[in-house]
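For reference, the structure is listed below as structure tokens.
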Amino acid sequence: MTNKLIAGNWKMNGSLAANAALLQGILPALAGAACEVAVCVPAAYLAQCQTLLAGSSGELGAQDLSAHEAGAYTGEVSAAMLRDFGVRYAIVGHSERRQYHGETDAVVAEKAQRALAAGITPIVCLGETLAERDAGQTEEIVKRQLAAVIHLNGHCISEIVVAYEPVWAIGTGKTATPEQAQAVHAVLRAQLLAASTQAGRIRILYGGSMNPTNVASLLAQPDIDGGLIGGASLKAADFLSIIAAAS
Ligand code: 13P
């Protein structure tokens, strides 16, 4: 297994001043980190963050990308544009995109394909809602979401990162227990292994109210290979504690 990946998802937060202060608080500590660290920043700040990350081991990530290559798609950002700014990772299929922007499994799979074609690693997010969990549908939902991505990208599926983010745990302070998360990660791992003999090296991240208190028990699970961190990635001290736990 490769080293763990800790990725911050800043969502629609930040400003020139706040981003600079946050990265200045994080980057000096990265030299000693034994895990990989990325920050997925708003598109408007890619240039700023590329400059701030230069010379550090921190990687730059985007939060979304267009399913189209180029053309008349007002407001969208293409994979090639992200590449121009040195983007290494792009989140695709975050539940907030699925929920507020109507992204379907098929669109998410196309976005993953665009990213891969541009040499960007997609962080494919999937997860069930509370109603789906309560109805006993968790496994069925996450398998369906992942199957769409495998279907379109099977030949290079070992190049993706997966993030299991139960919707009910995002921004709520409720975290999946390590056992709940591991159970889903094991399902996803088996599905990936059935698609590719190389799937053992695919990193499956957990996301959803991960914080300095719960990170160690989550990362101790055999199929949890890192974290996708929302709120706690906006506080340098918290993000550094999570990085330390993964190192
Ligand atoms: P929180 O860590 O704020 O719950 O957000 C998780 C998330 O959505 C990361 O993509």
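Scanning segment 44-57 finds no residues that are touching a residue at least 60 places away in the same chain (Cβ under 8 Å) and not acidic (Asp, Glu).
Of the helices (runs of 4 or more DSSP H) contained entirely in segment 1-88, those carrying at least 1 residues that are of a type in the set (Val, Ile, Thr) and modelled with pLDDT of 95 or more fall at 16-30, 46-53.
For (1) closer than 23 Å to VAL39 by Cβ; (2) touching a residue at least 12 places away in the same chain (Cβ under 8 Å); (3) out of contact with any strand residue (DSSP E or B) (no Cβ under 7 Å at 6 or more places or on another chain); (4) not aromatic (Phe, Trp, Tyr), each residue gets a yes or a no:
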{"position": "ASN153", "(1), (2), (3), (4)": "no, yes, yes, yes"}
{"position": "ILE160", "(1), (2), (3), (4)": "yes, yes, no, yes"}
{"position": "GLY173", "(1), (2), (3), (4)": "yes, yes, yes, yes"}
{"position": "THR177", "(1), (2), (3), (4)": "no, no, yes, yes"}
{"position": "ALA190", "(1), (2), (3), (4)": "no, no, yes, yes"}
{"position": "ILE224", "(1), (2), (3), (4)": "yes, yes, no, yes"}
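Condition test on SER95, is it over 23 Å from ILE6 (Cβ atoms), buried (at least 19 other Cβ atoms within 10 Å of the Cβ) and among the hydroxyl-bearing types (Ser, Thr, Tyr)?
no
Once segment 93-107 is narrowed to residues that are touching a residue at least 40 places away in the same chain (Cβ under 8 Å) and within 14 Å of the chain's Cα centre (by Cα), the residue that is farthest from the ligand (Cβ to nearest atom) is GLY93. Could you tell me how many of the residues in segment 79-92 are free of Cβ contacts under 8 Å to residues at least 40 places away in the same chain, among the small types (Gly, Ala, Ser) and at negative phi? Number satisfying all stated conditions: 1.
Against the criterion of being of a type in the set (A, V, I, L, M) and either buried (at least 18 other Cβ atoms within 10 Å of the Cβ) or at pLDDT below 95 (or both), LEU193 does not qualify. So is LEU126 in contact with a strand residue (DSSP E or B) (Cβ under 7 Å, 6 or more places away or on another chain) and either polar (S, T, N, Q) or at pLDDT 95 or above (or both) or not? Yes: the conditions hold for LEU126.
The values are calculated or read from the model by the stated rules, or taken from the named source; none is laboratory data. All values reported here derive from a predicted model rather than from experimental measurement. Glycine gets a Cβ as well: all are built from the backbone with ideal geometry, and neighbour counts include every protein chain shown.
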